[in-house]
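Here's the structure we're looking at; comments come further down.
No lab work stands behind these numbers, since they all come straight from the coordinates. What you see is a predicted model; the values in this text were computed from it and never measured. Virtual Cβ from ideal backbone geometry, glycine too; neighbours counted across all protein chains shown.
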């Protein structure tokens, strides 16, 4: 995405309007940028691992990941469960 150093004004605003220290505000901005920087493939694989830890079966995971991907900020076509499975396993 962008270099967190470019967000000095945002960090300043977060410290001024919230109860965050400059260090905490910088950390929040870094986390948001990392979240938004996920590619579709990274998102699908990460969510698959997370949902496996919740003991969901793969068919339920595929459906949930396909639904979640459609709501993310990156623009993607609606994914079928087959496409989700292919992103995970190649």
Requested in this report: Among 63, 46, 19, determine the one that fluctuates most according to a GNM of the chain built with springs between C-alpha atoms less than 10 Å apart.
Outcome: 19
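Cα convex hull of the chain: mean projected area in nm², to one decimal? Mind dumping the intermediate values first?
Values: hull surface 28.9 nm².
Computed as one quarter of the Cα hull surface, the answer is 7.2 nm².
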Requested in this report: Run the numbers on the chain and let me know its relative contact order in percent, using alpha-carbon pairs under 8 Å that are six or more apart.
Outcome: 24
Report task. Treat each spin label as a single point 7 Å out from the Cα along the C-beta direction, and report the residue 21 to residue 35 distance in nm. Result -> 2.2
Query raised in the report: Which angle from 0 to 90°, rounded to the nearest 10, does the C-alpha axis of helix 8-17 make with the longest principal axis of the chain?
Result: 80
Query raised in the report: Top mean-square fluctuation among 78, 65, 44, Gaussian network model of the chain, C-alpha springs under 10 Å?
Result: 78
Requested in this report: Relative to the longest principal axis of the C-alpha atoms of the chain, give the angle of the C-alpha long axis of helix 22-36, reported between 0 and 90° and rounded to the nearest 10°.
Outcome: 30
